[in-house]
Number of protein chains: 2
Amino acid sequence: MATGRTHRPATRSRGIPEATVARLPLYLRALTALSERSVPTVSSEELAAAAGVNSAKLRKDFSYLGSYGTRGVGYDVEYLVYQISRELGLTQDWPVVIVGIGNLGAALANYGGFASRGFRVAALIDADPAMAGKPVAGMPVQHTDDLEKIISDNGVSIGVIATPAGAAQQVCDRLVAAGVTSILNFAPTVLTVPDGVDVRKVDLSIELQILAFHEQRKAGEESAADADAAAGPAVTKNQHRKGPDGDVPAVMPA
Amino acid sequence: MATGRTHRPATRSRGIPEATVARLPLYLRALTALSERSVPTVSSEELAAAAGVNSAKLRKDFSYLGSYGTRGVGYDVEYLVYQISRELGLTQDWPVVIVGIGNLGAALANYGGFASRGFRVAALIDADPAMAGKPVAGMPVQHTDDLEKIISDNGVSIGVIATPAGAAQQVCDRLVAAGVTSILNFAPTVLTVPDGVDVRKVDLSIELQILAFHEQRKAGEESAADADAAAGPAVTKNQHRKGPDGDVPAVMPA
DNA sequence: CCATCTTTGTGCACGCGTTCACAAAGACAT
DNA sequence: ATGTCTTTGTGAACGCGTGCACAAAGATGG
């Protein structure tokens with residue numbers, strides 16, 4: 001017995017499944033596009049195609065929000081845009097700070113998608129004194145020393161971490177201590193946060209590695225038996241069977 | 001209908017669950033850190049803590065790869081690093097191209113995490129003639145016209161799309177036609193690709209919106225006051241009907 | 001007003017992923 | 001060698017997410 005049970009049943013979403021929440025922005029984007037083209041109504045089938053999901057899934061997702069459709073007709077685009085926006089909390093303004101104004105941080109600061117939908121970059125923060133005052137995306141970079149004051153003055157509750165991995169946890173701790181309760185982490189590290197703080201991570205390296213896995217698998221299927229020719233000492237350890245896979249693992253580095 | 005999209009029942013991983021594959025890079029990172037500190041072995045409990053996952057989950061994940069641990073001791077760090085690397089296909093070199101060298105594309109080009117682990121930026125491609133030849137991350141940007149040639153000359157099978165949303169599908173089509181079978185998409189669009197092509201998307205805006213949802217929920221729990229009748233226009237489902245187009249729907253919030 | 005047609009909303013079944021809990025396996029001390 | 005102790009590997013239960021398939025709801029036309 002190692003640790004006591006601090007079992008949280010995850011986030012108690014107001015009845016809306018997490019998987020559904022993750023798709024709402026997708027629907028919202030598709031709906032916004034329709035709205036701009038002045039399309040009045042849309043069927044679940046059409047909208048699902050535009051969002052790249054199954055239509056049954058879409059209908060079930062919407063059912064968690066309430067009954068906003070009209071049978072025989074479909075969904076009112078404008079109405080749905082509003083409902084989803086409200087559900088996602090996009091009808092209010094969310095000031096965010098970006099910490100770590102390197103290449104990525106600067107790119108994020110310039111990213112239009114931020115401001116487009118309820119999010120406003122309240123401040124850019126960097127630890128490098130040479131960056132202080134320097135304008136990025138039409139906004140002066142501020143020094144990390146003022147982090148706490150910036151957070152509290154602007155009522156920031158969402159922070160974006162784009163620092164090197166080594167600084168991420170420290171920055172995270174300061175953000176949380178200053179009152180930030182949601183963090184979007186671009187640094188390749190596992191962040192530890194107290195209960196009640198949400199962390200989402202975006203990791204370019206991980207995404208690429210997942211792609212590489214599938215890519216390797218695809219390559220291995222077409223021309224089977226050519227990538228395993230690597231030499232290596234025979235290992236008595238792996239006498240396990242791996243199922244129907246014809247893979248022959250037998251290599252181990254010293 | 002226009003798109004006859006065949007929906008994939010996910011990828012048919014050769015026995016290794018997709019969820020496990022997605023965690024392997026996480027384990028690999030933690031193991032690499034241990035390796036650099038010359039730690040010889042690690043228990044599932046320790047490694048799980050470092051990777052931020054449940055230890056039982058980690059053991060089950062590893063069980064899909066084979067029996068690489070020693071009971072009573074743990075896992076050999078070096079051995080596991082190698083096994084996971086091999087499983088992910090990181091023992092070989094993956095040339096990638098980045099298309100769309102704006103702020104984000106440039107940031108990606110400079111991102112160290114790319115080159116660190118089997119991935120090599122083979123080329124930077126942009127549609128802007130003014131960018132052509134300009135060095136970014138010590139590498140000259142090439143024009144979109146040469147995309148097909150670049151792909152085939154370098155044997156690129158992984159492409160990164162960092163273009164504006166409007167250009168993404170077109171770029172995607174050209175990449176796929178040229179032989180790319182894995183795409184990492186940063187453009188806020190749903191990409192349609194033929195069977196056999198993997199697409200992973202990274203969407204900053206979506207991540208923020210998901211955070212906003214939880215943030216709103218957190219705020220709403222503390223001060224349960226305005227949830228429904230907030231700023232919503234007085235429109236009910238049945239009354240709401242947009243007449244003939246021309247009228248501006250009055251459903252949008254401030 | 002009734003029939004028909006379209007599309008939503010959802011009950012249900014199934015499969016995947018997660019977690020628990022424990023037996024088996026090996027290290028280590030005596 | 002034998003017993004004890006640690007840690008793995010996994011069977012089994014459970015819960016969530018997905019997709020099918022269909023009844024209910026409403027529009028539309030006669």
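Assorted remarks:
- Positions within the stretch A:101-117 being farther than 28 Å from A:Glu87 by Cα and out of contact with any helix residue (DSSP H, G or I) (no Cβ under 7 Å at 6 or more places or on another chain), in sequence order: A:Gly102, A:Gly105
- Top-ranked residue of the stretch A:97-106 - restricted to ones that are in a helix (DSSP H, G or I) and open to solvent by 10 Å² or more (accessible area, probe 1.4 Å), ranked as farthest from the other protein chains (Cβ to nearest Cβ): A:Ala106
- A residue that is at pLDDT below 95 and open to solvent by less than 50 Å² (accessible area, probe 1.4 Å) cannot be found anywhere in the stretch A:25-35.
- Selection within the stretch A:2-24 - within 16 Å of DNA strand C (Cβ to nearest atom) and at pLDDT 95 or above: A:Ile16, A:Pro17, A:Glu18, A:Ala19, A:Thr20, A:Ala22, A:Arg23, A:Leu24
- Per-region count, the stretch B:52-68, residues in contact with a helix residue (DSSP H, G or I) (Cβ under 6 Å, 6 or more places away or on another chain) and away from DNA strand D (no atom under 13 Å from the Cβ): 0
- Qualifying residue in the stretch A:124-140 (condition: facing chain B (nearest Cβ under 8 Å), under 22 Å from B:Gly102 (Cβ atoms) and open to solvent by less than 40 Å² (accessible area, probe 1.4 Å)): no
- Qualifying positions in the stretch B:158-188 - under 16 Å from the mean Cα position of the chain (by Cα) and over 21 Å from B:Ala109 (Cα atoms): none
- If you check B:Gln142, B:Gln92 for being free of Cβ contacts under 8 Å to residues at least 24 places away in the same chain and either farther than 23 Å from B:Ala178 by Cα or not β-branched (Val, Ile, Thr) (or both), only one passes: B:Gln142.
- Out of B:Leu65, B:Leu88, B:Leu58, one residue alone is open to solvent by less than 10 Å² (accessible area, probe 1.4 Å), at pLDDT 95 or above and away from DNA strand C (no atom under 16 Å from the Cβ). It is B:Leu88.
- When the strands (runs of 3 or more DSSP E) confined to the stretch B:148-217 are screened for residues that are within 13 Å of chain A (Cβ to nearest Cβ), free of Cβ contacts under 8 Å to residues at least 24 places away in the same chain and aliphatic (A, V, I, L, M), none reaches at least 2 such residues.
The values are calculated or read from the model by the stated rules, or taken from the named source; none is laboratory data. Quick caveat, the model's predicted, so the values are computed rather than measured. We place every Cβ from the backbone using ideal geometry, glycine too, and count neighbours over all the protein chains shown. To get the accessible areas, we keep the full protein, side chains included, count just its heavy atoms, and leave off ligands, DNA and RNA. Shrake-Rupley method; radii C 1.70, N 1.55, O 1.52, S 1.80 Å.
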